[in-house]
Amino acid sequence: MTTLQVLWFVLIAVLWTGYLALEGFGLGAGMLLHRIGKNERERGAIVKAIGPHWDGNEVWLLTAGGATFAAFPEWYATMFSGMYLALFLILVALIMRISALEWRKMVNSERWRAFWDWSQTISAWLVPILFGVAFANLVQGMQIAVVDPKTPLEAVPVDQIDLSVHVHNLVGGFWSLLTPFTILGGVVVASLFLSHGALFLTMKLKGEMRQRAEQSASTLSIASTVFTAVWAIWAQLAYGSAQPLAWIPLAFAAVALIASTALTMTGKFTGAFIASFTGIAGAVAFIFTNMAPDVMRSAIDPAYSLTLWDASSSSGTLSLMSVVAVILVPIVLAYTVWSYYVFRARIGVDDVHPAGLLKDKIRPGESFLSTSA
């Protein structure tokens, strides 16, 4: 492996950390929409708390996908073809969630807002569960084999592999992605997002909503720490024997999540949120360290695994990407910090003013752009 290959593997892990740690609280808030928001105006306050940030957070996901495509094209192709249905469901859920955030305010109707609130809650649950299952498959290994493109479900014998002719492919089908370990991975990511979202809402909401968020954060922090500990230790003992270095980020994540739980119990929610953010970063580092140097681990035979070396673009492409990253990453970071600073105020029900077009006044050509709240 070259330095550039390792560098871009690490950068992709950093991009996933940015997405999961930032959008994680937005999705968590969506999952808690009907638990913390007891009426329409309270749910509107929660939507308003995450509304200014979702688009900036999604940039990290788009960049992670784009970087994977450019730096490791065979990883991208194998993953998207093997996990096609799961990734399609994630895409549909993300579209529904974004529509819920943006369209909720367009029509002044309780039924309209209730529909989009439930759409957001359901999609916010689906995304972390599916991402958790996907990441757990990367750690556990998938039914990946090297095949001839003419016979995509028949593995080529190990001693006849020629990667100039043959390609990696998932031969086990969609249901092979679901095992007790990967399902627990989905539960872990969902629980982490729930506690992360509750902690975020303790810092953004006022009044009774804030009290409910604090109560939820206390319970959910304990649950997410326990689930994550069980899954991570299972992952390292069962699938991480070749990567003892993975114990380091695992320990880092464990300390951060335990600290987050302790700070939540003592009412120090800002510190707890920062610790939760750090714990998610440690969990992502653990996943990438555990599966390295493979990017798609084969559960059939290690010889079928797709390695960093096999999946990589040329050194020229990686060098050009590095130059672009040096220019653009500071811009993305600056925009992210700026947006959180500008929209730092707490939100209560008095800050929510339901607006939008009246349902019986909607007509072709009507503009939604003048609506607010």
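The values are calculated or read from the model by the stated rules, or taken from the named source; none is laboratory data. Being a predicted model, the structure only gives us computed values, none of them experimental. Neighbour counts run over all protein chains shown; Cβ positions are idealised from the backbone, glycine included.
Only one of the listed residues (SER322, SER314) is surrounded by fewer than 16 Cβ atoms within 10 Å (Cβ to Cβ), over 21 Å from VAL226 (Cα atoms), among the polar types (S, T, N, Q) and free of Cβ contacts under 8 Å to residues at least 12 places away in the same chain. That residue is SER314.
Considering only the range 158-191, how many residues are at pLDDT below 85 and of a type in the set (Gly, Ala, Ser)? So the answer is 3.
Of everything in the range 45-94 that is more than 30 Å from ARG346 (Cα to Cα) and outside any helix (DSSP H, G or I), the residue that is farthest from the chain's Cα centre (by Cα) is PHE72. For ALA190, the conditions (1) closer than 26 Å to ILE347 by Cβ; (2) not in a helix (DSSP H, G or I) are fulfilled apart from (2).
If the condition is being without any contact (Cβ under 8 Å) to a residue 24 or more places away in the chain and either touching a His at 6+ places or on another chain (Cβ under 8 Å) or assigned to a loop (DSSP other than H, G, I, E, B) (or both), then the range 119-165 contributes ASP148, PRO149, LYS150, VAL156, PRO157, ASP162, SER164, VAL165.
Please state which one of ALA232, ALA223, ALA217 is surrounded by fewer than 21 Cβ atoms within 10 Å (Cβ to Cβ), of a type in the set (A, V, I, L, M, F, W, C), touching a helix residue (DSSP H, G or I) at 6+ places or on another chain (Cβ under 6 Å) and without any contact (Cβ under 8 Å) to a residue 60 or more places away in the chain. Among ALA232, ALA223, ALA217, only ALA223 is surrounded by fewer than 21 Cβ atoms within 10 Å (Cβ to Cβ), of a type in the set (A, V, I, L, M, F, W, C), touching a helix residue (DSSP H, G or I) at 6+ places or on another chain (Cβ under 6 Å) and without any contact (Cβ under 8 Å) to a residue 60 or more places away in the chain. Looking across the range 258-280 at every residue that is outside any helix (DSSP H, G or I) and not β-branched (Val, Ile, Thr), the one that is modelled with the highest pLDDT is identified as LYS268. Among the residues of the range 162-182, the ones that are closer than 18 Å to ALA299 by Cβ, exposed (fewer than 15 other Cβ atoms within 10 Å of the Cβ) and not small (Gly, Ala, Ser) come to 4 in all.
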